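Report on one structure; see the data block that follows.
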Amino acid sequence: MEEALVCRREGEVVEALEVAMATELVAMEPTVPSLVDRYFTRWYKADVKGKPCEDHCILQHSNRICVITLAEAHPVLQSGKTIKSISYQISTNCSRLQNKVSGKFKRGAQFLTELAPLCKIYCSDGEEYTISSCVRGRLMEVNENILHKPSILQEKPSTEGYIAVVLPKFEESKSITEGLLTQKQYEEVVVKRTDAVSATS
């Protein structure tokens, strides 16, 4: 019953993302929420694996599906950065591209822990960044479009440039956000960082 409900609602998530991608709203007024903000709740993980500013954003839909994206302050999204390539090959024996999900029970889906790597981003300045899941669950899909056009990850990180889609276990759906920051808390973290940089310069 629970799995059937997820299957039915999974279409809602895809539809919501597609609508957001198609319109990629540029709000006329600050009070108008984007389509992503209407359908998803934003959660953040700052300094993932202790690496300064390597922040991730998790867009959580009401049916518990999570879309993993880069947070606004992530180094890859800063001006002057150019992405050379993106790879879902995590190790010699593990590629997220080999994730094949089938049936309503999502057979074949790779199981991810919070720290499980999803992909690696290589920049033209020699820097490389590992993007982690940040939530426990089954890997539903990865975004192969960013392999062919890495620039969309920077141009539209919350829609077409998403990293992956993860489905947490039903019994863990309420606890997966423990340890994550709300949008307001994340904004406070970014302000503190900016203040700290200003104080030392």
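The values are calculated or read from the model by the stated rules, or taken from the named source; none is laboratory data. This is a predicted model, so every value here is computed, not measured. Glycine also receives a Cβ, built like all others from the backbone with ideal geometry; neighbour counts cover every protein chain displayed. SASA here: full protein model, heavy atoms, side chains in, ligands and nucleic acids out. Shrake-Rupley method; radii C 1.70, N 1.55, O 1.52, S 1.80 Å.
Dividing the C-alpha radius of gyration of segment 89-183 by 2.2 N^0.38 Å, with N its residue count, gives 1.14.
For segment 141-158, putting each phi into the Karplus relation 6.51 cos²θ - 1.76 cosθ + 1.60 with θ = phi - 60° gives couplings of 6, 10, 8, 5, 4, 6, 6, 8, 9, x, 4, 5, 5, 7, 6, 9, x, 8 Hz, in residue order, rounded to whole numbers and with x for Gly and Pro.
Taking θ as phi - 60° and the Karplus parameters 6.51, -1.76 and 1.60, the scalar couplings of segment 49-59 work out to 6, x, 8, x, 6, 7, 9, 10, 10, 10, 8 Hz in sequence order, x denoting glycine and proline. Charged side chains reduced to their Cβ positions (Lys and Arg at +1, Asp and Glu at -1) give segment 35-199 a dipole of some 680 debye around its Cα centre. Let me make sure I get this right: for segment 35-199, a, b and c are the square roots of the gyration tensor eigenvalues over alpha carbons, sorted descending. Under 1.5 in a/c it's rounded, otherwise prolate if a/b > b/c, else oblate. Which is it? Taking the square roots of the gyration eigenvalues as a ≥ b ≥ c, segment 35-199 is oblate. For the modelled label position 7 Å from the Cα of Glu141 along Cα-to-Cβ, which residues of segment 78-119 have backbone nitrogen atoms closer than 13 Å? Taking a point 7 Å out along Cα→Cβ of Glu141, the residues of segment 78-119 whose backbone N falls under 13 Å are 100-102.
A cut-off of 5 Å between modelled amide H atoms, ignoring neighbours fewer than 5 places along the same chain, links Cys119 with Ile131. Across segment 35-199, C-alpha contacts under 8 Å between residues 6 or more apart give a mean separation that, scaled by the residue count, equals a relative contact order of 24 percent.
Per atom type, segment 138-193 shows carbon and sulfur on 50% of its accessible surface, probed at 1.4 Å. Near Tyr88, once Lys and Arg are set to +1 and Asp and Glu to -1 for all other residues with Cβ below 12 Å from its Cβ, the sum equals 0. Among the trypsin sites (Lys or Arg not before Pro) within segment 128-201, those in coil by DSSP and having at most 16 neighbouring Cβ atoms inside 10 Å are Lys169, Lys174.
For segment 45-128, trypsin sites (Lys or Arg not before Pro) meeting the loop criterion (DSSP other than H, G, I, E, B) and having at most 10 other Cβ atoms within 10 Å: Lys100. Spin-label model, Asp47 to Ser79: label points 7 Å out along the Cα-to-beta-carbon direction sit 2.7 nm apart.
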